[in-house]
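Just so you know, all these numbers are worked out from the coordinates, no wet-lab data involved. All values reported here derive from a predicted model rather than from experimental measurement. Neighbour counts run over all protein chains shown; Cβ positions are idealised from the backbone, glycine included.
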Ligand code: S3P
């Protein structure tokens, strides 16, 4: 797949359903595996990251059947995963090390489950994942009595010795759905109530799915309380389209003149759609149509039309709801009129790559004036980006953002190191081309 050469071809027009949500796919496999009996997950994301989670549970003795032809069908939702859940205590010792690949969600959420098991397991990952901070889950899980060893400074591999856990009231210094989910999942194995408090509200897919599985869960603003349980009900759920994957088409639609697109059946959970609020403030023509709920998650069709954008200030509280959309937001800012300043985004330095530096360096290659801040960027918009030879740093969202940037330029841009797109969106190029027919 690598490298990919792109240049302006034509406007993006038409409708498509973005691929299934990655965060929800992970959670669906995890909770179905520890539920009692048969669950069915429709429209599961068959990409590398959620497959890491699926294979980890297969390694721990859970039967899964994948039915259907897989990703890549425009407007069809036709895969199904059948999972024979064995209950909270039904997992078996995985035997070998569990390889989480590039997936932080697999490693952090699985740690919460493993903390409650009566066996020990080791989690590792690729070089990117092995350089991501895990102390943020080690500290609370250790307070709950799990025994976790890691590399110096709290880096993977993690060796987790589970056992009887005790409930805690944990105040997290970082707003993170992965940390929150790890603690709530560990909380299922406790007697009594585990409470997790975070400085801002991170995505709430775990809470919604736990409630759907009959778990007692209470949400009070920034605090979530879960009561330990002996059983979770099996699931029949449909995964909505991934807003984060849709964001690349949203940006393409806004930036490429004469574009007009409709993104069908896309998840619009308010903890995820900060990008829409930000782009609307920048002057974008984006509308949510046909709003409804699918399996407890808000879903809509997103209408997007080419728009002239203006730079704005984007601060802390807006950042978390658009945390994964930062690379593509930088591309839209690079094409907006005037300056865009993003601050309060320090977490971006510990994602699949250091996304602040990655975007600053690569956008500069495309002729953009960028100032790098400790916790963000200042981007001076320009009417025309320059063609360039750019790279992804092995980060799927950087690769896709740069491909969209390249499609706005008349001359050819080369985007290198694009294999990583398979972690979240294997059919990205195919779907993008589908909008150019
Ligand atoms: C995710 C949470 C976020 C996000 C990541 C997926 C999840 O990470 O960036 O891509 O599925 O819970 P943090 O919890 O580290 O903010």
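In the range 22-238, what percentage of the DSSP-assigned beta bridges are antiparallel, given to the nearest 5? Kindly include the intermediate steps, with their values, before the conclusion.
Details: 29 of 38 bridges.
Restricted to the range 22-238, the bridges split so that about 75 percent are antiparallel.
Using packing as a proxy for protection, rank 427-433, 300-306 so that the peptide with the highest average count of other Cβ atoms within 10 Å comes first.
Details: 427-433: 18.0, 300-306: 20.0.
Sorting 427-433, 300-306 by mean packing, highest first, produces 300-306, 427-433.
Report relative contact order for the range 22-238 in percent, whole number only (criteria: Cα-Cα under 8 Å, sequence separation at least 6).
Numbers: 504 pairs, mean separation 46.7, N = 217.
This gives 22 percent for the range 22-238.
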- Query: If you wrap a convex hull around the Cα atoms of the chain, how much volume per residue is inside, in Å³?
  - Reply: 119
- Would you mind putting 91-98, 181-188, 277-284 in packing order, based on average other-beta-carbon counts within 10 Å, highest first? 181-188, 277-284, 91-98
- Message: Given points 7 Å out from each Cα along the Cα-Cβ axis, report the residue 145 to residue 315 separation in nanometres with one decimal.
- Response: 4.5
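Between residue 374 and residue 433, 0.36 nm times their residue separation minus their Cα-Cα distance comes to what? Provide the component values of the computation, followed by the final result.
Values: separation 59, 0.36 × 59 = 21.24 nm, distance 3.66 nm.
Here the segment from residue 374 to residue 433 would lengthen by 17.6 nm.
Give the peptides 396-404, 347-355 in descending order of average Cβ contacts within 10 Å, highest first.
Working: 396-404: 28.6, 347-355: 19.7.
Highest-to-lowest ranking by the protection proxy: 396-404, 347-355.
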- Query: For helix 48-59, what angle does its Cα long axis make with the longest principal axis of the chain, in degrees from 0 to 90 and rounded to 10?
  - Reply: 10
- Message: At 7 Å along Cα-to-Cβ for each site, give me the label-to-label distance between residue 233 and residue 193 in nm.
- Response: 2.2
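Would you mind calculating the relative contact order of the chain from Cα pairs under 8 angstrom and at least 6 residues apart, reporting the percent as a whole number?
18
Name the shape class, rounded, prolate or oblate, that the alpha-carbon gyration tensor gives for the range 22-238, where a ≥ b ≥ c are the square roots of its eigenvalues, rounded holds for a/c under 1.5, and otherwise prolate holds if a/b is larger than b/c and oblate otherwise.
Judged from the Cα gyration tensor, the range 22-238 comes out rounded (a/c under 1.5).
So for the chain: antiparallel DSSP bridges make up what percent, rounded to the nearest 5? Walk me through the numbers on the way to the answer.
Numbers: 56 of 76 bridges.
Here the share of antiparallel DSSP bridges comes out near 75 percent.
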- Item | Spin-label pair residue 211/residue 119, simplified geometry with 7 Å Cα→Cβ offset, distance in nm | 3.5
- How high is the relative contact order of the range 120-250, given as a whole-number percent (alpha carbon pairs under 8 Å, six or more residues apart)? 19
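Between rounded, prolate and oblate, where does the range 1-130 land on the alpha carbon gyration tensor, with a ≥ b ≥ c its root eigenvalues, rounded for a/c under 1.5, else prolate if a/b exceeds b/c? Before the final figure, lay out each step's value.
Details: a/c = 2.95, a/b = 1.58, b/c = 1.87.
Oblate shape, in that a/c is at least 1.5 and b/c is the bigger or equal ratio.
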